[in-house]
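The values are calculated or read from the model by the stated rules, or taken from the named source; none is laboratory data. Please read all numbers here as calculations on a predicted model, not as lab measurements. In this analysis, Cβ positions are derived from the backbone assuming ideal geometry, glycine residues included, and neighbour counts consider all displayed protein chains.
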């Protein structure tokens, strides 16, 4: 690697370094800026690999590229051409066709798992066994027991394990949590949340065993509501398949085996009950993106007030509230504050680099996973299912 020359008199090394590398292209400058910002904030850049180069990687990779705490080392995919394509598109120096080649290749310390949800558990376990910190798209595992085993393994090896989603990181979530904690809503009674669309047609895993609308869609609302109202004690649910066959781009017609319609009742204790509905049969004029959604997709009601989230919790737009004293809806918290649903892995890298902690914890992710499992058991048996897991609450917003 070439060394930089001594900067001219009166020019800082930082400014000289920037000017020297301007000709290397925008991406190189971004990389230098990330390194400089990491140095300025007292952190370091975490050597990072991404496994899973499908559609969601196009959401994650630009954020990781800009993160001052991330050095992108490798990408990996079981379809080698996808790994190669993302390596070239995002100028990641190495690409590999499977996880064993990735682990045997260029050294790294942090793995970001963007594979199909059915593969997360096995990929996360293998990464932890190899001594890597892990950020996983949802869910972390396929069962509460397996997820708890992964978390134990991580702790025993001095590793970190995190999982999406990060809805509790948004300023809108923080505003709602503080409004609830203030007592302005009076005695809390109920909450309702919903998220759905017509269903993806680019992959079959959404509809196959281990998929379904619960781990793909309801997981966002379940994370938000447990973050706002606390861990769940009991779950009652009704699930169904509305559309038994789907047409997928690369497979044609497939049979749907997992729920594409879900109604889940949650008992948070102290008389507070909430409800989440999700599905792949929900027409929305705003489409899968949902950025134009203006309804209150999360609503919390008490004896003296109401608070509602404008837009979806993974891309919130504002919070509206009203109380007995102020019966007209007031809109606040309209600034996204830099929040992006895709930034979870970048925030985790910052934790590794600086020692900061996320509000999103693996314990809450596993609690949400148990809710999903309990909902399926409840629907199949007609029973209310008690839960065993919990997490530290209230969150320090």
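Restricting to region 233-262, and then to whatever is in contact with a helix residue (DSSP H, G or I) (Cβ under 6 Å, 6 or more places away or on another chain) and more than 21 Å from residue 199 (Cβ to Cβ), can you tell me which residue is surrounded by the most Cβ atoms within 10 Å (Cβ to Cβ)? So the residue we want is 235.
Scanning region 128-150 for residues that are under 17 Å from the mean Cα position of the chain (by Cα) and either over 25 Å from residue 339 (Cα atoms) or not assigned by TED's automatic domain parsing to the domain that holds residue 56 (or both) turns up 141, 142, 147. The lone criterion from (1) without any contact (Cβ under 8 Å) to a residue 60 or more places away in the chain; (2) out of contact with any strand residue (DSSP E or B) (no Cβ under 6 Å at 6 or more places or on another chain); (3) surrounded by 18 or more Cβ atoms within 10 Å (Cβ to Cβ) left unmet by residue 167 is number (1).
Looking across region 359-388, the residues that are touching a helix residue (DSSP H, G or I) at 6+ places or on another chain (Cβ under 8 Å), surrounded by fewer than 18 Cβ atoms within 10 Å (Cβ to Cβ) and in a loop (DSSP other than H, G, I, E, B) come down to 383, 384, 388. Residues of region 285-309 that are touching a residue at least 60 places away in the same chain (Cβ under 8 Å) and either within 20 Å of the chain's Cα centre (by Cα) or not in a strand (DSSP E or B) (or both): 287, 288, 290, 297, 298, 303, 304, 309. Against the test of being touching a helix residue (DSSP H, G or I) at 6+ places or on another chain (Cβ under 9 Å), on the phi > 0 side of the Ramachandran plot and crowded, with 18+ Cβ neighbours inside 10 Å, the options 333, 274 yield a single qualifying residue, 333.
In this structure, residue 296 does not qualify as under 19 Å from residue 178 (Cα atoms) and surrounded by fewer than 19 Cβ atoms within 10 Å (Cβ to Cβ).
Filtering region 141-165 to residues that are within 22 Å of residue 47 (Cβ to Cβ) and touching a helix residue (DSSP H, G or I) at 6+ places or on another chain (Cβ under 9 Å) leaves 150, 153, 154, 157, 159, 160, 161, 162, 163, 164.
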